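Input: a single structure, listed below in structure tokens.
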Amino acid sequence: MNRPSKIVCVGRNYLEHARELGNEVPERPLLFFKPPSALVADGQPIELPPESKRVEHEGEIAVIIGRTARRVKAADAWQHVAGIAPLNDVTARDLQKTDGQWTRAKGFDTFCPMGAMVPIDRIGNRDALEVICRVNGEVRQHGRVSEMAFDIPTLIEYISGVMTLEPGDVIATGTPAGVAPLKPGDVVEVEIPGVGILSNPVQAA
Ligand code: MG
């Protein structure tokens, strides 16, 4: 896998997920990074670090940048997208709460499984994209892009107004409600219908 220069993530982009953690949807997109060193591919294990007692899945729709984007307008945003992939924004929920800053909670090695990208021109209806997360075959999360507080073009405009997005960079667009803890032996799947399924086993580090 080619390593992106950055993985830009969006927090609290689905109302029901924001509420399940006791938050509201922010007025502006809430951005944070995951380090590219956290990436693992389909089939590779998610390792639960000893520093956390509560590691949770967050199934998400990832946008992969295809053309350099700097201060791009939402209306032009899709021209800068190479494709879509399923992504799991694995999170140490306890450390997220105690640290304040999310870098450690979101940044452990193996905390960013990402599946194969499907080129954007092979995706029929971009406005109908959905993400489903299953653990051991049981559906835990199901969200649609129409439920996002900030849609994908708006996110690209906002993020590219801050930092230059380079080809290969990843935007993780936020997770719907239903996040829950993972334990060793679980298998987590993130599916984007029409794009593919990302599947990762969970093990102790
Ligand atoms: Mg997330």
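Within the range 45-60, residues that are over 23 Å from residue 17 (Cα atoms) sit with their Cβ atoms under 9 Å from residues that are small (Gly, Ala, Ser) and within 16 Å of the ligand (Cβ to nearest atom), at 6+ positions apart or across chains, in these pairs: 49/92; 51/92.
Residues that are within 21 Å of residue 57 (Cα to Cα) and touching a Lys or Arg at 6+ places or on another chain (Cβ under 7 Å) number at least 3 in the following strands (runs of 3 or more DSSP E) confined to the range 79-196: 130-135. Residues in the range 83-96 that are away from the ligand (no atom under 15 Å from the Cβ) and under 16 Å from the mean Cα position of the chain (by Cα): 83, 84. When 99, 76 are checked against the criterion of being surrounded by fewer than 16 Cβ atoms within 10 Å (Cβ to Cβ), acidic (Asp, Glu) and within 16 Å of the ligand (Cβ to nearest atom), 99 stands alone in meeting it.
One residue stands out in the range 14-43 among those that are at pLDDT below 95 and within 12 Å of the ligand (Cβ to nearest atom): the one that is surrounded by the most Cβ atoms within 10 Å (Cβ to Cβ), namely 14. Taking the range 121-160, which residues are over 17 Å from the mean Cα position of the chain (by Cα), farther than 30 Å from residue 185 by Cβ and open to solvent by less than 60 Å² (accessible area, probe 1.4 Å)? If the condition is that a residue be over 17 Å from the mean Cα position of the chain (by Cα), farther than 30 Å from residue 185 by Cβ and open to solvent by less than 60 Å² (accessible area, probe 1.4 Å), then 123, 128, 160 are the ones that fit. The C-beta contact set for the range 86-105 (first residue aromatic (Phe, Trp, Tyr), second residue modelled with pLDDT of 95 or more, distance under 7 angstrom, 6+ apart or interchain) comprises 102/32; 102/96.
The values are calculated or read from the model by the stated rules, or taken from the named source; none is laboratory data. Keep in mind it's a predicted model, so treat the numbers as computed, not measured. Every residue, glycine as well, gets a Cβ built from its backbone with ideal geometry; the counts of neighbours run over all protein chains shown. Ligands, DNA and RNA are excluded from the accessible area calculation, which covers all protein heavy atoms including side chains. Shrake-Rupley method; radii C 1.70, N 1.55, O 1.52, S 1.80 Å.
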